[in-house]
Ligand SMILES: [Zn+2]
């Protein structure tokens, strides 16, 4: 088993997930082969071609069209520091990564129950389905693959404000996450998962889970946020304290102790309460 850091970082480095094959190769390195069959040709010719050792703003090389069905990548530096590379039409064409197609192959690794397709929202966020992991069961799972920090930040803020329930945000890496965004997520009882830490490659060349989501421990909710978290939960699900302590299988007094920080974080009661507050209320027979 090995990590796929280069692959996930590479995917997050390509703006709009569209680039010529040489750039996909450049960014994903030895892991390029893993996504090759998910690259779909576009109608556009790429503008730039990577340089082996980018020097200054004259790099990277420019793709030029000879108008006879052939292309080349030429150095723009006055001293022609990088070699000219002749390009077949297929090498000059920009390819779009079919990220939904790639992720469908690993839905069970991500702990997502979904249909056969994923929906892309107007802001570029992918709706993957509902979580099947114990700690986040039935929460919606979203994928945010953005090369630019500003786009990531705006999409995540949008989710925090618009999603009515706690959710799971997945991104190729954790590089765009900062303290403020992490606090925003914590206030919504929402989790962040970096694919870099979750999905690796098994020794026989298949995508595999690096760390089981179900084995992870909860970060205890900070005591000063507990009251607000409980109130938010009751509003979100129109429920009462009683629903929460019943679903957690704890006595009412333990529940109030937990809110005040007087129940040990490591106790199974605390863990069950944390788990309840990260999922929907259990179904009940009315009457
Ligand atoms: Zn160059």
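The values are calculated or read from the model by the stated rules, or taken from the named source; none is laboratory data. All values derive from a computational prediction rather than experimental measurement. Every residue, glycine as well, gets a Cβ built from its backbone with ideal geometry; the counts of neighbours run over all protein chains shown.
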| query | How many of the residues making up the range 51-82 are under 37 Å from the mean Cα position of the chain (by Cα) and either within 11 Å of the ligand (Cβ to nearest atom) or within 18 Å of residue 25 (Cβ to Cβ) (or both)? | reply | 20
| remark: With criteria (1) part of a helix (DSSP H, G or I); (2) over 22 Å from residue 190 (Cβ atoms), residue 247 comes up short on (2)
| field | Qualifying positions in the range 155-170 - farther than 18 Å from residue 135 by Cβ and in contact (Cβ under 8 Å) with a residue 24 or more places away in the chain | value | 155, 156, 157, 158, 159, 160, 164
| task | Tell me which of these residue 96 doesn't satisfy, since it passes every other one: (1) within 15 Å of the chain's Cα centre (by Cα); (2) farther than 19 Å from residue 209 by Cβ. | result | (1)
| Complete set of residues in the range 213-230 that are modelled with pLDDT under 80, in a loop (DSSP other than H, G, I, E, B) and either surrounded by 11 or more Cβ atoms within 10 Å (Cβ to Cβ) or more than 26 Å from the chain's Cα centre (by Cα) (or both) | 216, 218
| request: Scan the range 136-159 and give yes if some residue there is within 30 Å of residue 223 (Cβ to Cβ), touching a strand residue (DSSP E or B) at 6+ places or on another chain (Cβ under 9 Å) and surrounded by fewer than 20 Cβ atoms within 10 Å (Cβ to Cβ), otherwise no. | output: yes
| message | Among the residues that make up the range 24-37, is at least one of them part of a strand (DSSP E or B) and either out of contact with any helix residue (DSSP H, G or I) (no Cβ under 6 Å at 6 or more places or on another chain) or assigned by TED's automatic domain parsing to the domain that holds residue 206 (or both)? | response | no
| Unique match (being within 16 Å of the ligand (Cβ to nearest atom) and modelled with pLDDT of 90 or more) among 88, 92, 22, 33 | 22
